[in-house]
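Working notes, beginning with the structure itself.
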Amino acid sequence: MTENIEDLKKKILFSVLEILPYEKFDGNIISKACKNINIQKEYSNLLFPNGRIEVLEFFRDYIDEIMLRRINKELVNIKSITAKIYESIKIRLEILDIHRIIIPKIISFYSMPWNHFKLYPYTWKSMNLIWRIAGGDKSTDFNYYTKRGLLTGVYWSTIVYWLQDESLNYQSTHDFLQRELNLIVKIGIKLANK
């Protein structure tokens with residue numbers, strides 16, 4: 001094969017995303033995805049040695065990449081940090097929408113006792129990007145962890161709400177997200193005034 005590593009990884013990822021709505025997210029999913037696109041299974045072991053965890057991390061990074069491009073293009077004129085973070089998460093949900101059917105499988109995977117501790121770092125990277133790029137946050141003290149920790153909670157509660165939302169253009173989810181962000185702003189103000 002003459003393709004570069006990144007292209008091969010994307011091919012395998014896209015194949016996983018294509019078959020996952022109809023398959024279990026088990027240990028065989030990557031080999032099935034490789035078979036689907038005529039790539040030898042051995043390549044998947046080299047490219048994703050940690051299996052499904054690594055495929056999900058690559059998926060997250062792929063979504064992050066698209067999200068950052070859109071944030072940098074679409075949100076340049078928004079000054080309010082809260083508004084920018086709100087719009088960033090909305091953008092992320094728009095990108096994830098075509099994969100909405102597989103999100104419950106990802107949540108189930110991370111709900112397993114041996115995987116649940118990996119969900120936080122999985123999400124942390126994306127929330128850190130949103131805070132740095134959209135929020136302009138460069139803190140390195142306790143605030144660094146507080147802001148990202150609170151946003152991670154908001155993000156996952158919004159995802160769970162979004163998965164059940166049948167409103168037009170997910171307006172109910174957007175309202176929910178706005179309320180959650182307003183709440184953490186109030187928490188931040190209270191902490192700052194202590």
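The values are calculated or read from the model by the stated rules, or taken from the named source; none is laboratory data. What you see is a predicted model; the values in this text were computed from it and never measured. Backbone-built Cβ (ideal geometry, glycine too); neighbour counts: all protein chains shown.
Considering only the stretch 4-63, state which residues are surrounded by 14 or more Cβ atoms within 10 Å (Cβ to Cβ), within 21 Å of the chain's Cα centre (by Cα) and polar (S, T, N, Q). Result: Ser15, single match.
Quick check: is even one residue across the stretch 19-29 outside the structural domain of Lys90 (by TED's automatic domain parsing), in contact (Cβ under 8 Å) with a residue 12 or more places away in the chain and closer than 26 Å to Leu129 by Cβ? Yes, the stretch 19-29 contains at least one residue that is outside the structural domain of Lys90 (by TED's automatic domain parsing), in contact (Cβ under 8 Å) with a residue 12 or more places away in the chain and closer than 26 Å to Leu129 by Cβ. May I ask you to verify whether Ile91 is touching a residue at least 12 places away in the same chain (Cβ under 8 Å) and either closer than 24 Å to Tyr144 by Cα or surrounded by fewer than 16 Cβ atoms within 10 Å (Cβ to Cβ) (or both)? Judged against the criteria, Ile91 is a match. Total residues in the stretch 30-67 satisfying the condition of being free of Cβ contacts under 8 Å to residues at least 12 places away in the same chain and farther than 27 Å from Glu94 by Cα: the figure is 9. For beta carbons closer than 6 Å, sequence separation of 6+ or different chains, a first residue in the stretch 163-174 that is closer than 15 Å to Arg92 by Cβ and a second that is part of a loop (DSSP other than H, G, I, E, B) and of a type outside the set (A, V, I, L, M), the qualifying pairs are Thr173/Asp165.
Scanning the stretch 146-156 for residues that are among the hydrophobic types (A, V, I, L, M, F, W, C), exposed (fewer than 14 other Cβ atoms within 10 Å of the Cβ) and either closer than 17 Å to Ile66 by Cβ or touching a residue at least 24 places away in the same chain (Cβ under 8 Å) (or both) turns up nothing.
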